[in-house]
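For reference, the structure discussed in these notes is given below.
The values are calculated or read from the model by the stated rules, or taken from the named source; none is laboratory data. A quick note: this is a predicted structure, and the numbers were derived from the prediction, not measured. Heads up, the Cβs are rebuilt from the backbone with ideal geometry, glycines too, and the neighbour counts pull from every protein chain shown.
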Amino acid sequence: MKKFYFLFLFALIASIGNLYAAEKTVTSTFEDKNLKVGVGEPEWVASIGTAGFETANQNRGVQFGAAKGAFTLKTSESFSQVKKVSVILSTNEKVNTVSLKVGGTSVDGMKTLSKRNNYAVNWSVVSPQDGIIEFSFNDKKGSIYIKSISITYEFVETKCATPTFNLKADETYTDAQDLVITSTTEGAQIEYTITGDKLTAPITGKQASPATIHLTANDLYMVTATATKEGLDASGQAELMFTIAKKMNKPTFNLTEGAVYGEAKVLEITSDKVGAQIEYTVVGGGNISITKTEASPVSVTLDQNGGYTVEAFALEMDDYAKSDAAELNFKIELAAGVPTFSVEEGTYPEAQTIALAPGEGGEKVFYTINDGTEQQYIEPIKLEEEGIYKIAAYTARTETLAKSATVTKTYVISLPLEEPYILCEDAAWLTEGAKIIFVGEKNNKYYGLSGDADGVFLTGGLVTISAKELTEKDVTVKVFVVGRTANGVTFNTDAGYLAADKTASKGNLSYAAGNEGDCFHWTVSVANGEATVVNADVTGDCNNLQFNPSAKTPRFGAYADSYKNGNLSIYLLGSTSSVSSMSAEGVKVFAAEGGVEVVADEAADVAVYTVAGQLVRQARVAEGSTLVNVAPGFYVVRANGTATKVIVR
């Protein structure tokens, strides 16, 4: 009796030793607010209702809250030897907490949640526990979102896992296949049998999992497989049925479905198998109809306008059946050649005359200047004024050709200054009709107010300053014409009146039409060459026109009086008939270097005044040419009863 007992105990110990403990991780990913999870995933039960489910934005999953207080979330089933639990969650507050129990035993204490999105909170169980997994949350403020929960546990294997297949049941495959048979039991062997309608004998074998069998013949295959491992029961039998019916792949085309091509094309039809025969049909254009069989690759030249339809097959080859049809539709619209320009685009210091000619096959050209109204080209385009001109032109369509692509060329006409602009040193020099440029300085470079309004600031283009003269300017620099009104000084240009925003707290500048309500009247004072230009209509703080040297991009804006970094100068055109010379009876007056030149037919009295009316020089000049010396400035000269304004540089 004692001997029998020991034999039984030995057999029991051996049997237990043959059991395999395996570690497994399962993850529940929530799919909606009802705590739905994927097939085969552990299910969960909450003690309260959920508030929603977030898929957009941060994609945070199930929402609990807001501020729902204490609630629990636990599994519907027990787990053996739980070793680790991890939850991906989010919360928008820092005061919420969570704790974990496994089989009623607390694990790792309470955790305070961070104000973060989709981060992992982990628990490691020092002594693995059996039982239900339960979270206790305290949603004190805001919301808690839970995206997924993972559980790692141990389970004892007594039987091999049933094999699975990489191929799909009842599927038809059009090429050779690698059948892969896998068991999740570590170290398992796969025993398989493969039969087929055309096989003379079954294919059998035994391989370590995963087992791979390469099948190339066309047939209907039936597969049975089991997994075995010493010490474990064999798995259940897995079965699979599928078909291999090899077929040539569809040919491919070098042209694109639905495309419209503006030139003749060579259609190429290609099979992925070397030596394949292509059967194809091409119909379209004016009168093209082709049906042929040729070796891959096939090339067909198509040079007629119209739509095309192509159908192509790769014919049977070896044990591959004829392919399905490959289809293609496209159009060819042969276009006229692009127009030509007689002058290349670029920057020119003089006026330019641009002639346009239609491209190949064309007769007429249409063009726009600076995105303006489209017009037919009749005669050369004359660019005589300073500015930037973008000319876009195309050759018009004909009865047989589509219109050409559009060609755009940009011309910058930057005319040299006939006379320099001089530094305005007295606001009284800004008389009606005077032409001026606003200038600012940054890092020993000078910028003139230019460009279009961007809603806040106006940009600056480069100018050249020598002594007190502006001798060159970028074509983008604006020349303003001074106006004098009862409400203040105005500065007008082709873009409109220089204006500011009435109540702005930013440096808003713009060009206005000069309507009622537009803030385009200014007051001007000048001291030591520095101009103070203040908007008379603005009620907000930003009414002081300044150049901002602190900006990364040079710019002008309207700033508050307290802005200390800005600078602004005004340069005045010194060569117009209204301010540089005069002709009275018997006397001519010219602005000259160092003074006023008077040319008299006979002796005459000449008086020179400041614009404020202060007498500067009075002299009687002799017949001929006399230089009346005065300092540089803006003067009114009277001779023989006639007065004129003169700027002396």
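Checked against (1) more than 25 Å from residue 323 (Cα to Cα); (2) touching a Lys or Arg at 6+ places or on another chain (Cβ under 9 Å), residue 210 passes all but condition (2).
Of the residues contained in the range 81-93, none is found to be more than 18 Å from residue 70 (Cα to Cα) and assigned to a loop (DSSP other than H, G, I, E, B). Restricting attention to the range 227-247, which residues are within 57 Å of the chain's Cα centre (by Cα) and surrounded by fewer than 17 Cβ atoms within 10 Å (Cβ to Cβ)? Passing the criteria: 236, 237, 239, 241, 243, 245. Taken over the range 465-491, the criterion of being buried (at least 18 other Cβ atoms within 10 Å of the Cβ) and in a strand (DSSP E or B) is satisfied by 465, 470, 473, 477, 480, 482, 483, 489, 490, 491. Those strands (runs of 3 or more DSSP E) of the range 120-226 in which at least 2 residues are over 30 Å from residue 98 (Cβ atoms), considering only elements entirely within it, cover 143-157, 177-182, 189-196, 203-208, 211-215.
The set of residues from the range 286-307 being in contact (Cβ under 8 Å) with a residue 40 or more places away in the chain and either over 18 Å from residue 272 (Cβ atoms) or surrounded by fewer than 13 Cβ atoms within 10 Å (Cβ to Cβ) (or both) comprises just one member, 305. Here the range 516-558 is the region considered, the condition is being part of a loop (DSSP other than H, G, I, E, B), within 23 Å of residue 477 (Cβ to Cβ) and among the polar types (S, T, N, Q), and the residue that is modelled with the lowest pLDDT is 553.
Here residue 199 clears all of (1) surrounded by fewer than 13 Cβ atoms within 10 Å (Cβ to Cβ); (2) without any contact (Cβ under 8 Å) to a residue 40 or more places away in the chain except the condition numbered (1). Please work out if residue 84 is in the same structural domain as residue 44 (by TED's automatic domain parsing), over 21 Å from residue 45 (Cβ atoms) and touching a residue at least 12 places away in the same chain (Cβ under 8 Å). Yes.
Considering only residues of the range 399-412 that are modelled with pLDDT of 90 or more and of a type outside the set (Lys, Arg), which is farthest from residue 365 (Cα to Cα)? Only one residue fits best here, namely 412. Summed over the range 57-80, the residues that are at positive phi and buried (at least 18 other Cβ atoms within 10 Å of the Cβ) give a count of 2. Here the range 262-283 is the region considered, the condition is being small (Gly, Ala, Ser) and touching a Ser or Thr at 6+ places or on another chain (Cβ under 6 Å), and the residue that is surrounded by the fewest Cβ atoms within 10 Å (Cβ to Cβ) is 276.
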